[in-house]
Amino acid sequence: MAAITVNTPDLIPLRTTCPYCGVGCGLLAAPGKADPMADQRPVSGDLAHPANRGRLCVKGANLHETTNSEGNLHHPRVLGSRVSWDRALDEVTGAIRQAMFQHGPGSVAFYLSGQLLTEDYYVANKLAKGFIGTPHVDTNSRLCMSSAVAAHKRAFGEDVVPGCYEDLELADLLVLAGSNTAWNHPVLYQRMKAAGRPGRRVVVIDPRRTATAELADLHLAIRPGTDTTLFNGLLVWLADAGAVDGAYVDAHCSGFDETLVSARARAFAPENVAEACDIPVADVVRFYQWFAETPRTVTAFSQGINQSVAGTDKGNAIINCHLATGRVGKPGASPLSLTGQPNAMGGREVGGLANTLAAHMDYDTPGAREAVAQFWGTDRLPQAPGYKAVDLFDAVHRGEIKVLWIMGTNPAVSLPQSRRVREAMSRCPVVIVSDCVSHTDTTALADILLPARGWGEKDGTVTNSERCISRQRAFRPPTGEARADWQILAEVGRRLGYEKAFAWPSPAAVFREHARLSALDNHGTRQFNLSGLADLTDEAYDQLAPVQWPVTAAQPGGSKRLFGDGRFSTPDGRARFIPVRATALDQTDVSPEKMRLNTGRIRDQWHTMTRTARAPRLVQHRPEPFVDMHPGDLRGLGIKEGELVTLGKERGGQFTGRVRAEPGQRQGEVFVPIHWSHQFTGEGLASALITPVTDPFSGQPDSKNGLVTVTSLSARWHARLLRHREASRGWQADYHTLVPQHHCNTWYLAGKQPEDWHRTITRWLGGAPDLVLEDSAAGTFRAARIRHGQLDGVLLVARDASHLPDTAWLASLFDGRELSRKERRGLLSARSVETEDIGAVVCSCFGVGEKQIAAAIGAGAGTVEALGEKLRCGTNCGSCTPELKAAIEKHRLSSAPV
Ligand code: SF4
């Protein structure tokens, strides 16, 4: 791959870990200087890191653009005013103390994040459960993989991922269930792709034909929610085909017979499965045959399985099939949960979920409460689990929670029914938010804002999806007065009177305590065990190389795979088969007017865009919230691609985005991205459409379900307004989306009423325009304002959004230069004679646009490799190759003789 390298002879790159997805790639980053621009040095993939071996995706490769401190929180704030740390911490401590005294410890709650480091998580859990005495500690990981956690615990007796990334390569049959790895775990996708070989097969199970399906020998576009049916049917098929490993099941498992009887009782013959899942029976049979005949099978699953009202059952339906065939924790043979966040696993390790206590011990683990209380030296441990995320914010809404401390996450955007969540936060007497970012939908509702160190500024560890602990290392000075989260929490602990319990001098000391706790009363009963790291010196912690837990005296180098010997973490050492219900969503009411909702992530963005939107390159791929619909549905509704539509829910909540015709969608279903917040758009929050229904075991919200109506916004005009970043919003529109650029902001706007542009232009541009061009018959209006020779603002209006020009060249003129005569002449046509209009960016690594790709294909570049040779697109992270293939196919179809 083309490496994006650090070229800093004067600075030695530091090894650290990517802060985005659960793949947990190792990076090399150059230490920063006092000059913030000095931090804008590209990072490169770390060849020595086992997760990525030097590979990176486009998000990781653009991290350097997100580390500038512009937009970061610099100082503590109380009720909007800057205060000293001393005053802020007094306010925090006072509020907690008062709530505990007046309403009891359960009136204090913490909402944490998979973005936190393990050391931060450990101190938060110890402070909350151990010394404040509240069980209400939950995390945004609840929205990501808590169903997998519950499934692991039910089947294995512990939340353990038995396999590792290498298994994805070793497998002869790779099943990807509810997992668009090409976009959401791109480096794993690269590894899977590179492992292609004759005889290896890939099955993708997903209602949508995503970019990942490009890898598939078989794509099962099942009806949403029918995964349990598919895997229950597989269990029955395995039994009938004699493919069950009877010796393994007898020796190492319990509950097989009941589970099989339960599956059979529901008539899971391939014909029934095909009908329920809405796929051809031949495809069902092919999948079952492949699974039955391939000992080296890995089933990787993620949010498509987890984010469901039956997410835990779906996970167990998958694990049942692996247990039945004895394929758990063996090379190339295992179920493998892929987590979304960089440290979801670390949060699980310390007990940062409301239903766990600490270090993989639950409240009902025999002896755990007493042992943890003694270890921490406290008598304040809660008796029972606390509220999981959705219930927690319900409790806030009811007024039960008096102090809510949110760390490193944006629940005002990401939790279901976001409007109600915002209402809950505004009702809460004291909301404390620790974050590195200054303005988010959540910080806007904070009473106390605490500046936390961001990526590149903080030091600690994270654990990726394959249990691999890696160091995140600081390589730039902290922003303003920002402090590490663990330091802030420890200081609050000390101010509450617990000096000894929170006296760590460094993250290394926190880690050692965490490692010691993991070994507590652990006589081989729990796999999570870091006793081999409990005595690390500060220097050894600093140098810590990636290592997969457990790490013990017997396994000092860590453990790639677990349970391979058939011994599990249950009291009797046997794994459990779990009979699961088949839950098919009711499809009868789906129609073009009322469609099934699906939500998910996109290739170049992360969470609520608080960091990725700082890298202009990353917003080019999908600049606006969008709605993917099948072309047949669009025809049925009389909606054209590129129109703005509003999705509505019966009980309130709406989402406005631009329609994309997507043949990979099933008819009757729509897909919307989860990333946009009110910082970037008006009504483009996917969470507004999600009802707070949760899985009964995991508490994970059913984020990929619901019925929505689709109506055209019927916009009369569409516009692009380019203004300096500091310019105030002078415009009014029925639709808006902010697209940040390097030197300016571009607003995508639309309105339902006609505008008198000559009257509004002065307000929108902050003064009278210098150049105006209008064609009222065509419905176009263009104007530009120049101040002191420099471009100050541009407005471009058209009746149809597709008639608006590309604005990349205009955006580049806001860099403070004095405009040349030629540039002035090009302003209203929005292009310089020298600048090529490349269209929407497809390859973010090399900035290659769709028009360039179409031209190259037209000139004979008919393969992905030929395009890469000509334009470099697809030759770095490879995430865009499915789109390149689609462009080649589109050209082939359009040029085929009719
Ligand atoms: S695959 Fe994930 S961890 Fe790796 S560089 Fe991309 S976002 Fe970061």
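The values are calculated or read from the model by the stated rules, or taken from the named source; none is laboratory data. These figures come from a predicted structure and were not determined experimentally. Here Cβ is always computed from backbone atoms with ideal geometry, including for glycine, and neighbour counts include all displayed protein chains. Keep in mind that these areas ignore ligands, DNA and RNA; they rest on the heavy atoms of the full protein, side chains included. Shrake-Rupley method; radii C 1.70, N 1.55, O 1.52, S 1.80 Å.
Of note:
- Flag if Ala300 is within 16 Å of the ligand (Cβ to nearest atom) and modelled with pLDDT of 95 or more: yes
- Residue list for the stretch 55-81, filter: away from the ligand (no atom under 11 Å from the Cβ) and either touching a Gly at 6+ places or on another chain (Cβ under 7 Å) or assigned to a loop (DSSP other than H, G, I, E, B) (or both): Thr67, Asn68, Ser69, Glu70, Gly71, Asn72, Leu73, His74, His75, Pro76, Leu79, Gly80
- Taking every residue in the stretch 349-369 that is more than 20 Å from Arg512 (Cα to Cα) and pairing it with any residue that is among the aromatic types (Phe, Trp, Tyr) and open to solvent by less than 30 Å² (accessible area, probe 1.4 Å), at least 6 positions away or on another chain, the pairs with Cβ-Cβ distances below 7 Å are Arg369/Tyr363.
- Complete set of residues in the stretch 376-394 that are part of a helix (DSSP H, G or I) and either at pLDDT below 95 or under 19 Å from Ser113 (Cβ atoms) (or both): Ala389, Val390, Asp391, Leu392, Phe393
- Check on Thr646, more than 19 Å from Arg603 (Cα to Cα), touching a Ser or Thr at 6+ places or on another chain (Cβ under 7 Å), in a strand (DSSP E or B) and open to solvent by 40 Å² or more (accessible area, probe 1.4 Å): no
- Checking Leu170 against (1) away from the ligand (no atom under 16 Å from the Cβ); (2) under 30 Å from Gly573 (Cβ atoms); (3) surrounded by 21 or more Cβ atoms within 10 Å (Cβ to Cβ), the condition it does not meet: (3)
- Options Arg191, Arg208: the member that is open to solvent by 10 Å² or more (accessible area, probe 1.4 Å) and assigned to a helix (DSSP H, G or I): Arg191
- Which numbered condition Leu357 misses (of (1) open to solvent by 20 Å² or more (accessible area, probe 1.4 Å); (2) touching a Phe, Trp or Tyr at 6+ places or on another chain (Cβ under 8 Å); (3) of a type outside the set (Val, Ile, Thr)): (1)
- Cross-chain or 6+ apart pairs with Cβ under 8 Å, the stretch 606-633 first and of a type in the set (Val, Ile, Thr), then open to solvent by 40 Å² or more (accessible area, probe 1.4 Å): Thr608/Ser414; Thr608/Gln679; Thr610/Gln679; Val627/Arg660
- Looking across the stretch 858-888, the residues that are in a loop (DSSP other than H, G, I, E, B), open to solvent by less than 30 Å² (accessible area, probe 1.4 Å) and at pLDDT below 90 come down to Cys873, Gly874, Asn876, Cys877, Gly878, Ser879, Cys880.
- Count - residues of the stretch 769-791 that are open to solvent by 60 Å² or more (accessible area, probe 1.4 Å) and either assigned to a loop (DSSP other than H, G, I, E, B) or in contact with a Pro (Cβ under 6 Å, 6 or more places away or on another chain) (or both): 4
- One residue stands out in the stretch 438-459 among those that are open to solvent by less than 10 Å² (accessible area, probe 1.4 Å) and among the aliphatic types (A, V, I, L, M): the one that is nearest to Gln307 (Cα to Cα), namely Ala452.
- Filtered by the rule that a residue be assigned to a loop (DSSP other than H, G, I, E, B) and within 23 Å of His103 (Cβ to Cβ), the stretch 416-441 gives Cys428, Pro429.
- Qualifying residue in the stretch 492-504 (condition: among the aromatic types (Phe, Trp, Tyr), within 28 Å of the chain's Cα centre (by Cα) and modelled with pLDDT of 95 or more): no
- Check on Asn52, at pLDDT below 80 and not hydrophobic (A, V, I, L, M, F, W, C): no
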